[in-house]
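**Q** Okay, handing you the structure first.
The values are calculated or read from the model by the stated rules, or taken from the named source; none is laboratory data. Everything quoted here is computed from the prediction, not taken from an experiment. Cβ coordinates were reconstructed from backbone atoms using ideal geometry, including for glycine residues, and neighbour counts include every protein chain displayed.
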């Protein structure tokens with residue numbers, strides 16, 4: 001029994017289920033089960049895909065985002081790569097003599113994972129033309145013969161040139177599926193997983209053009225159908241894969257998180273300055289990226305990193321190099337911060353309804369150096385702006401370039417398998433349940449290190465009637 005996992009980064013359930021244009025995904029839904037898939041906190045590409053593959057939460061992996069603290073130094077942030085995660089993944093648990101695993105673009109997969117089979121790096125690959133991003137290394141030549149330059153991502157996708165962006169994303173995706181079909185045909189595989197990053201890029205680039213609830217939506221705009229047309233295009237490409245699988249194969253289509261409108265950005269470090277918690281040597285007279293060298297650490301209690309969510313750090317005495325918050329005041333400060341974050345209003349004076357999490361309260365284990373608090377502004381309808389020097393706390397521009405959407409807590413899944421006893425819509429499926437479910441369907445034991453439950457055995461997962 002083989003397993004094919006089709007990963008759609010940022011796939012939104014509300015744009016998949018009930019969409020009659022997606023004929024191939026509908027075929028899978030009609031023959032199996034489907035539903036919303038709750039992501040981890042925070043619901044971002046790294047670490048979510050590896051949380052799915054290992055059935056471990058971000059704290060247990062020690063990876064809390066694209067960049068993580070590597071030390072308690074103020075500038076001690078490092079970018080995640082494939083070596084950052086050592087926990088065994090589902091493909092390690094399914095090793096079969098004479099059969100190969102194929103892992104394509106599953107973040108983080110640069111440097112390429114040394115699996116028993118084939119792996120191709122993800123969008124974190126620095127430069128495919130110069131980097132060794134395939135395992136085995138000779139596969140890079142095969143890719144070039146198939147598609148020319150192999151794109152792991154669309155460089156510069158945060159742009160106002162939407163005509164170019166639409167073409168670039170579709171061209172990238174065409175090349176990806178050409179490679180996928182080749183590997184499905186030519187390799188004797190038992191586990192095959194790929195992640196298409198194009199869906200994430202199309203939604204970040206075009207969400208405001210199709211979502212009537214978006215603040216910047218304009219009816220009748222020339223890009224109104226781009227997002228849904230891309231879903232249809234993906235569905236057509238997925239349909240071409242059916243000739244390479246049989247009724248005896250397990251097929252899962254899944255996303256790491258969903259997508260939703262972005263109302264704007266909240267300038268978290270600017271707010272901390274105004275709250276008297278963060279002190280700069282000199283206030284910039286215009287928006288400026290946050291740098292530790294700007295900060296007077298002898299008078300700073302709290303600072304933050306920006307992104308889709310905020311990672312908030314406390315300047316603890318004896319922990320950080322110039323820490324000033326005594327250890328016996330740490331808990332009280334966290335409580336005070338949580339209350340202040342939860343009381344924030346949006347730019348229209350309405351409660352922002354921000355979510356504040358402590359890693360030790362939401363993860364089974366806390367490895368590495370976690371943020372002291374994780375904050376999702378407006379339940380992720382607002383992103384975190386890390387820069388300083390802003391005249392307002394709420395802004396429409398993004399500090400990393402144009403961006404129309406943020407991630408949503410719920411992605412989607414569709415599962416078709418021989419003898420699957422569960423049909424129709426399923427509720428309460430979690431990202432960490434994916435690997436145990438696939439192992440269970442394959443007749444394999446679920447390692448005790450995995451934190452999720454098989455859909456076949458979980459009383460919490462109920463079929464919607």
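**Q** Condition test on residue 397, is it under 24 Å from residue 288 (Cβ atoms), surrounded by fewer than 18 Cβ atoms within 10 Å (Cβ to Cβ), touching a helix residue (DSSP H, G or I) at 6+ places or on another chain (Cβ under 9 Å) and touching a residue at least 60 places away in the same chain (Cβ under 8 Å)?
**A** no
**Q** Let me ask another. Do we find a residue being in contact (Cβ under 8 Å) with a residue 60 or more places away in the chain, surrounded by 21 or more Cβ atoms within 10 Å (Cβ to Cβ) and over 24 Å from the mean Cα position of the chain (by Cα) anywhere in region 251-270?
**A** Within region 251-270, one or more residues are in contact (Cβ under 8 Å) with a residue 60 or more places away in the chain, surrounded by 21 or more Cβ atoms within 10 Å (Cβ to Cβ) and over 24 Å from the mean Cα position of the chain (by Cα).
**Q** Taking the options 163, 203, 193, name whichever one is surrounded by fewer than 22 Cβ atoms within 10 Å (Cβ to Cβ) and at pLDDT 95 or above.
**A** 163 is the lone residue from the list that is surrounded by fewer than 22 Cβ atoms within 10 Å (Cβ to Cβ) and at pLDDT 95 or above.
**Q** Scan region 265-280 and give yes if some residue there is touching a strand residue (DSSP E or B) at 6+ places or on another chain (Cβ under 8 Å) and under 30 Å from residue 15 (Cα atoms), otherwise no. Explain how you work it out, then say what you get.
**A** Quick first cut of region 265-280, residues touching a strand residue (DSSP E or B) at 6+ places or on another chain (Cβ under 8 Å) only: 265-270, 272-273, 277-280.
Next cut, under 30 Å from residue 15 (Cα atoms) only: 265-266.
Yes, because at least one residue in region 265-280 is touching a strand residue (DSSP E or B) at 6+ places or on another chain (Cβ under 8 Å) and under 30 Å from residue 15 (Cα atoms).
**Q** Continuing with this model, one more query. Just a yes or no: is a residue in region 4-13 in the same structural domain as residue 201 (by TED's automatic domain parsing), assigned to a loop (DSSP other than H, G, I, E, B) and surrounded by fewer than 23 Cβ atoms within 10 Å (Cβ to Cβ)?
**A** Among the residues of region 4-13, not one is in the same structural domain as residue 201 (by TED's automatic domain parsing), assigned to a loop (DSSP other than H, G, I, E, B) and surrounded by fewer than 23 Cβ atoms within 10 Å (Cβ to Cβ), which makes the answer no.
**Q** On to the next question. What about residue 420, is it in the same structural domain as residue 15 (by TED's automatic domain parsing), part of a loop (DSSP other than H, G, I, E, B) and in contact (Cβ under 8 Å) with a residue 12 or more places away in the chain?
**A** Taking the combined requirement at face value, the residue satisfies it.
**Q** Still on this structure, please answer the following. Yes or no: residue 428 surrounded by fewer than 20 Cβ atoms within 10 Å (Cβ to Cβ), out of contact with any helix residue (DSSP H, G or I) (no Cβ under 6 Å at 6 or more places or on another chain), touching a residue at least 60 places away in the same chain (Cβ under 8 Å) and in the same structural domain as residue 46 (by TED's automatic domain parsing)?
**A** yes
**Q** Go through (1) crowded, with 21+ Cβ neighbours inside 10 Å; (2) not assigned by TED's automatic domain parsing to the domain that holds residue 347 and name the single condition residue 444 misses.
**A** (1)
**Q** May I ask you to list the residues in region 326-362 that are touching a helix residue (DSSP H, G or I) at 6+ places or on another chain (Cβ under 6 Å) and farther than 12 Å from residue 373 by Cα?
**A** 352, 353, 354
**Q** Which of the helices (runs of 4 or more DSSP H) found entirely inside region 138-251 contain at least 1 residues meeting this: outside the structural domain of residue 397 (by TED's automatic domain parsing), under 26 Å from residue 435 (Cβ atoms) and touching a helix residue (DSSP H, G or I) at 6+ places or on another chain (Cβ under 7 Å)?
**A** Helices (runs of 4 or more DSSP H) meeting the threshold: 162-186, 198-210, 226-239.
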